[in-house]
Amino acid sequence: MKYLELKNDKIKSIELFDIRIPLVHPFTTSFGTETVKTGVLVRIEDSQGYVGWGESSVMADPGYSPETTETVWYILTEFLIPLFKTQIKMGKTNIPEMLGEWEKIRGHEFAKAGLESSLWALLSEQLGVSLGEIYGATKERIPTGVSIGIQKSLDELISRIEMFLSQGYKRIKIKIRPGWDVVPVQKIREEFGDILLMVDANSAYSLSEQHLEALKKLDDYNLMMIEQPLRHDDILAHCKLQKILNTPICLDESIHSVEQADLSLEMGCCKIINIKPGRVGGYYNSFLIASHNSGKVWLGGMLESGIGRMHNIFIQAREEFKIPGDTSGSDRYFKKDIIEPPVTVDETGYIEVPRSPGLGIEVLEDVIKQHSLKHEKIIF
Ligand SMILES: [Mg+2]
């Protein structure tokens, strides 16, 4: 990344929005069903009127990560924004240096990613360049995959996959849990042949004999990867499992930092990392993980709103991202997204990377306010 310094450090205000946007289709994973998209949006404005939008795409419950919308709000208002205010007062402009000092606040990666992403967006507006240029994007378009929750029946699963393949999606990921694993995978292979297919267990398995048997059977289906089969914090168990399986293990929930990503790959506990910028503390850390581990990373999704989705498009337009990510079109999730135009996937399964300054889209503040549970403005 070549632009690292805010051009104007006179910040006027930061606004936070706790958003709840209804999903068009409920999303079921091994830990529950979501019907609304949650998160905290961050709007930062400088003295010249330039505005940067960021997103902390955190869930309302601590099911995926220990963080929730409430903890993100608390950490931002009580700790991170006051610390950032002090940094601004001291005349600091170098974003990675500021992020380094945020390490004083342990953990809370989703909260950090919310504020951090707004700073990169602000910088792109100040410089009049695309956020893609800030993030080092080189691709004009990115291939995309889709993540399909656990369905009520095999027929429903097959018809949803049929629909997404006809829309052009390049890679299908299905959520699995014990009892919904080998049979759906076998059925998909029978129906659709050798499509790019992977599974995500969201930590639903253990190394018990019964679970191991199912995981070993999955080895026969030429899956691109098995994502996070075991406990969220048990990297050693994943090391043991990767020695048994030929299918690459991809770690998601286990990875919260650059160090954990590098360690897991180097120790052979996984072969692939799903980078979710919120889970690893933001886009600068995402860039570091990708640049240390080119070709072994892809970009996951947290059902981001249009704002987080644009940030995700720009970062995965870097060349290290060679595996299609989970960034789908807006219509996959929302009746109306909070950006205009919404993100669309073309019929060949690609998303265009905008080149115009900033996020390359218009943020619909009215729609954001309509869907906000809470709103707070912090004046600098
Ligand atoms: Mg996952």
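Rule-based calculations on the coordinates, nothing more; no lab input. Since the model is a prediction, treat every value here as computed from it, not as a measurement. In this analysis, Cβ positions are derived from the backbone assuming ideal geometry, glycine residues included, and neighbour counts consider all displayed protein chains.
Data overview
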item: Shape call, segment 331-380: gyration tensor on alpha carbons, a/c limit 1.5; result: oblate
item: Computed over the chain: relative contact order in percent, which uses C-alpha pairs under 8 Å that are six or more apart; result: 23
item: Order of Cys269, Cys239, Cys250 under a 10 Å beta carbon neighbour criterion, fewest first; result: Cys239, Cys269, Cys250
item: Candidate aspartates and glutamates for bridging to Lys377, where Cα separation is under 13 Å - those fewer than 8 sequence places away on the same chain excluded; result: Glu15, Asp18, Glu45
item: Charged-residue dipole, Cβ positions (Lys, Arg, Asp, Glu), the chain about Cα centre, Debye nearest 20; result: 180
item: Cα centroid separation - segment 326-380 against segment 157-234, whole Å; result: 29
item: Of Leu236, Ile379, Gly39, farthest towards positive along the dipole that unit charges on Lys, Arg, Asp, Glu beta carbons give the chain; result: Ile379
item: GNM flexibility winner over the chain from Lys139, Lys322, Lys104 (Cα, springs under 10 Å); result: Lys104
item: Rounded to the nearest 20 debye, dipole of segment 101-257 from Cβ charges on Lys, Arg, Asp, Glu; result: 120
item: Global geometry of segment 43-149, whether rounded, prolate or oblate, following the gyration tensor of its Cα atoms and the 1.5 cut on a/c; result: oblate
item: Dipole moment magnitude, nearest 20 debye, segment 239-380 about Cα centre, only Lys, Arg, Asp, Glu C-beta charged; result: 400
item: Whole-number Å³ per residue for the convex hull built on Cα positions in segment 134-362; result: 112
item: Order of Trp298, Trp73 under a 10 Å beta carbon neighbour criterion, fewest first; result: Trp73, Trp298
item: Sum of side-chain charges, Asp234 neighbourhood, beta-carbon under 14 Å (Lys, Arg +1; Asp, Glu -1); result: -1
item: Qualifying lysines (Cα of each under 25 Å from Cα of Lys271; at least 8 residues distant if same chain); result: Lys139, Lys170, Lys173, Lys175, Lys216, Lys217, Lys240, Lys243, Lys296, Lys322
item: Across the chain: Cys residues that no other cysteine approaches within a C-beta distance under 4.7 Å; result: Cys250, Cys270
item: Within straight-line cross-link reach of Lys104, lysines at Cα separation under 19 Å, skipping those fewer than 8 residues along the same chain; result: Lys85, Lys89, Lys92, Lys112
item: Ascending count of other beta-carbon atoms within 10 Å, so fewest first, for Tyr283, Tyr50; result: Tyr50, Tyr283
